[in-house]
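Notes for the one structure printed next.
The values are calculated or read from the model by the stated rules, or taken from the named source; none is laboratory data. From a predicted model like this one, the values you see are computed outputs, not experimental measurements. Quick reminder, even Gly has a Cβ in these numbers, built from the backbone with ideal geometry, and neighbours come from all protein chains shown.
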Amino acid sequence: MELATFGAGCFWCVEAVFQNLRGVENVVSGYTGGRIANPTYKEVCSGLTGHAEVVQITFDPAVISFEQLLEVFWKTHDPTTLNRQGNDVGTQYRSAIYYHNAEQKRLAEEYKQKLNAAGAFPQPIVTEITALPTFYVAENYHQDYYNQNGSQPYCQFVVRPKVDKVKAVFGDRLKAGV
């Protein structure tokens, strides 16, 4: 098993996007990249700690590659908006790839460069690519959030369209029964 850590806006959205992919064994919501140890959700939401909301994905590279995870990452959020995803605004919502090794760094940088060179987005990609600092697991109520709270308005209007997009675009990569 390997790890991948991505920030792409609210971690409830990002978790829901990745957790149904074949080869993804676990997705944990958390925080990284900030100035204090063991931050709380309230502290991170203040925007004062410097942390990003992220997910840490445990995946089987024999089933789903890091490159395939990157493809899902790039296609399920807007990597051109600095510190923002939709109505979620603040440094905690920044687009980021926190690599775990030199190969992940190389692949992420190459993919970003190819997308920019191809003009894949109307604006340049602002996604930060940096080594993973300490990862802090978010509070329990943030884990598996969409599956536990799918009827809440935020989940219906923000998370669900992303989940539906993954089903439409990456249907051949979903776990059985999804």
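A few notes on this one:
- Filter result (at negative phi, surrounded by fewer than 18 Cβ atoms within 10 Å (Cβ to Cβ) and not basic (Lys, Arg)) within segment 154-178: TYR154, GLN156, PHE157, PRO161, ASP164, ALA168, VAL169, GLY171, ASP172, LEU174, ALA176, VAL178
- Of all residues in segment 119-142 being of a type in the set (Phe, Trp, Tyr) and surrounded by 12 or more Cβ atoms within 10 Å (Cβ to Cβ), the one that is modelled with the lowest pLDDT: PHE121
- Some residue of segment 101-118 being surrounded by 14 or more Cβ atoms within 10 Å (Cβ to Cβ), out of contact with any Asp or Glu (no Cβ under 6 Å at 6 or more places or on another chain) and assigned to a loop (DSSP other than H, G, I, E, B): no
- Enumeration of residues in segment 127-178 that are in a helix (DSSP H, G or I), touching a residue at least 40 places away in the same chain (Cβ under 8 Å) and within 25 Å of LYS114 (Cβ to Cβ): LYS162, LYS165, VAL166, VAL169, ARG173
- Scanning segment 37-95 for residues that are of a type in the set (S, T, N, Q), within 14 Å of the chain's Cα centre (by Cα) and either within 21 Å of LYS167 (Cβ to Cβ) or assigned to a strand (DSSP E or B) (or both) yields a total of 6.
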